[in-house]
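Here is the structure we will look at.
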Amino acid sequence: MLVHDNAFNANEWSVIIGLCIGLLLVFALPKRFPTKASFVFFMCGVYSGFFFDNSLTIQPFDFYDVNDTGSYEVVDYLLYLAYGPVSYLFFYVWGYMGFRYQMVPLYALFWAFLALGLEQIGAWIGVFHYLHGYRIQYSMPIYLVVFCLWMVLYRYYQALSNNGQSRL
């Protein structure tokens, strides 16, 4: 197992601070969705981050390590939780701005570049350690797919809400 760091330092603090800022934003914003929908939108980020980080950080791929080592630490789970505010804000801003669905590609592209920026900051701080030739650019298609799938979910949510059938 490759050990990148063995101290509690910038990478752990950045995850904790990022999670706190994200949660403060989520709870400080005016309520936009019913509680169940908010939970689903929040969990989209947690699930997506967990799914893709675990898909790309295990054998046979092992493209990068998260935080100090290739094994799980408590801060790794906090990082997955920190993805939740990002997804919630993705849905919140879309709903608040009232964009037309023709804007989905541009909106997804904007958020993909934002996510790449956050990932790059994470790499500089030591949250992500790329292995076996993986480059940050390879994350772009993943972000685009995830954000487009989230828009499909939002469209479904809106259709249910508009028909009065929303169970979220």
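Odds and ends about this structure:
- Residue check for LEU56: modelled with pLDDT under 85 and closer than 24 Å to MET151 by Cβ: yes
- ASP62 being assigned to a helix (DSSP H, G or I) and closer than 15 Å to HIS129 by Cβ: no
- Residues located in segment 42-60, provided they are of a type outside the set (A, V, I, L, M), farther than 17 Å from VAL86 by Cβ and touching an Asp or Glu at 6+ places or on another chain (Cβ under 9 Å): THR57
- Inspection of segment 121-142 identifies no residue that is without any contact (Cβ under 8 Å) to a residue 40 or more places away in the chain and within 23 Å of PHE39 (Cβ to Cβ).
- The condition of being surrounded by 16 or more Cβ atoms within 10 Å (Cβ to Cβ) and over 21 Å from ALA123 (Cα atoms) holds for only one of PHE63, PHE41, PHE27, that being PHE41.
- Scanning segment 107-154 for residues that are among the aliphatic types (A, V, I, L, M) and over 28 Å from GLY95 (Cβ atoms), we see that the one that is surrounded by the most Cβ atoms within 10 Å (Cβ to Cβ) is VAL127.
- Residue within segment 5-23 that is farther than 30 Å from ASN162 by Cα and touching a Leu at 6+ places or on another chain (Cβ under 6 Å) present: yes
- Here PHE90 fulfils each of the conditions (1) within 14 Å of the chain's Cα centre (by Cα); (2) on the phi > 0 side of the Ramachandran plot apart from (2).
- Selection within segment 66-92 - surrounded by fewer than 23 Cβ atoms within 10 Å (Cβ to Cβ) and not in a helix (DSSP H, G or I): ASP68, THR69, GLY70, SER71, TYR72, GLU73
The values are calculated or read from the model by the stated rules, or taken from the named source; none is laboratory data. Computed from a predicted structure; not experimentally measured. Neighbour counts run over all protein chains shown; Cβ positions are idealised from the backbone, glycine included.
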